[in-house]
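See below for the structure under consideration.
The values are calculated or read from the model by the stated rules, or taken from the named source; none is laboratory data. In this text, all values refer to a predicted model and were calculated from it rather than measured experimentally. Quick reminder, even Gly has a Cβ in these numbers, built from the backbone with ideal geometry, and neighbours come from all protein chains shown. These area figures cover heavy atoms from the full protein model, side chains too; ligands, DNA and RNA do not enter into them. Shrake-Rupley method; radii C 1.70, N 1.55, O 1.52, S 1.80 Å.
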Amino acid sequence: MNRITETVKHLLIINVIMFVATLVIGEARMFDLFALHYPENGIFKPWQIVTHMFMHGGFTHILFNMFALWMFGTAVEQRLGSKKFLILYFAAGLGAVLFQLGFYYFEYSQIVPELQASGVSSEALMDIFRTGKWNFPTTALQVEQINDAFQVYNATMVGASGCIMGVLVAFGILNPNAELMLIFLPIPIKAKYFIPLLVGYDIVSGFLGSPSVFGMNIAHWAHVGGAVVGLIVMQFLKKNTFNKYRID
């Protein structure tokens, strides 16, 4: 078993510290400060674009993410070196933000104008988004649209999953014939097949929606964004780096 690399170790420590702080201080307060909120929400702060990558929504969430970071991140950092690994890690995290918020914006920008055209004022919508209540007659369609817009406006994004998807893609490029397995499907599949199947699942689930896993709602478009940006970064390194990507 390979020894854990320094950058991966430090990332693990930061994630665990933030998780413990969430337990001690309280999820509501920590999420308000450090989870990523929809930009039109008054709770949104610019630093959340980065800090949400170190926040997690429960023990199972952080356990799976940190296990994947340790398993795949160590192997990738050994090949890329710490500097390029960090670039890959945070670029994938930002790609996750871009894709997930882009999906939210598309939904929001479709729904809100329709509600306003149906007679719901901007002021009334903001009040609904803040309180979750309204005191005027609505049609069944308006109720559905209000609920959908409310979910987007109050959405919070947490976790290192987007970063880890970028790392996983890098692992697959560097080790295409390595055999991987899902916990619930213990059949070894080569990384060059496994990872595209996993990304394809997230794309389909992003369009169709999927039930929560272990009580967690999955940000599928964040996973796709992390994977896409991870692929782009690795292609750049492949064209501009010698000695098997190692340029430290």
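Given the structure, is F64 at pLDDT 95 or above, surrounded by 15 or more Cβ atoms within 10 Å (Cβ to Cβ) and out of contact with any Lys or Arg (no Cβ under 8 Å at 6 or more places or on another chain)?
no
Mind listing whichever residues of the stretch 187-199 are open to solvent by 30 Å² or more (accessible area, probe 1.4 Å) and under 18 Å from L231 (Cβ atoms)?
K190, K192, Y193, P196, L197, L198
If you take the residues of the stretch 107-156 that are in contact with a helix residue (DSSP H, G or I) (Cβ under 9 Å, 6 or more places away or on another chain), of a type in the set (V, I, T) and not in a helix (DSSP H, G or I), which of them is farthest from I43 (Cα to Cα)?
T138
Consider L141 carefully, then state whether it is open to solvent by less than 20 Å² (accessible area, probe 1.4 Å) and of a type outside the set (S, T, Y).
No; evaluated as a whole, the condition is false for this residue.
What number of residues in the stretch 1-30 are open to solvent by 90 Å² or more (accessible area, probe 1.4 Å), of a type in the set (A, V, I, L, M) and not in a helix (DSSP H, G or I)?
Qualifying residue count, the stretch 1-30: 1.
Which of the residues spanning the stretch 20-70 are aliphatic (A, V, I, L, M) and touching a strand residue (DSSP E or B) at 6+ places or on another chain (Cβ under 7 Å)?
If the condition is that a residue be aliphatic (A, V, I, L, M) and touching a strand residue (DSSP E or B) at 6+ places or on another chain (Cβ under 7 Å), then A35, L36, I43, I49 are the ones that fit.
For the stretch 34-57, which residues satisfy the criterion of being in a helix (DSSP H, G or I) and surrounded by 15 or more Cβ atoms within 10 Å (Cβ to Cβ)?
Residues satisfying the conditions are F34, Q48, I49, T51, H52, M53, F54.
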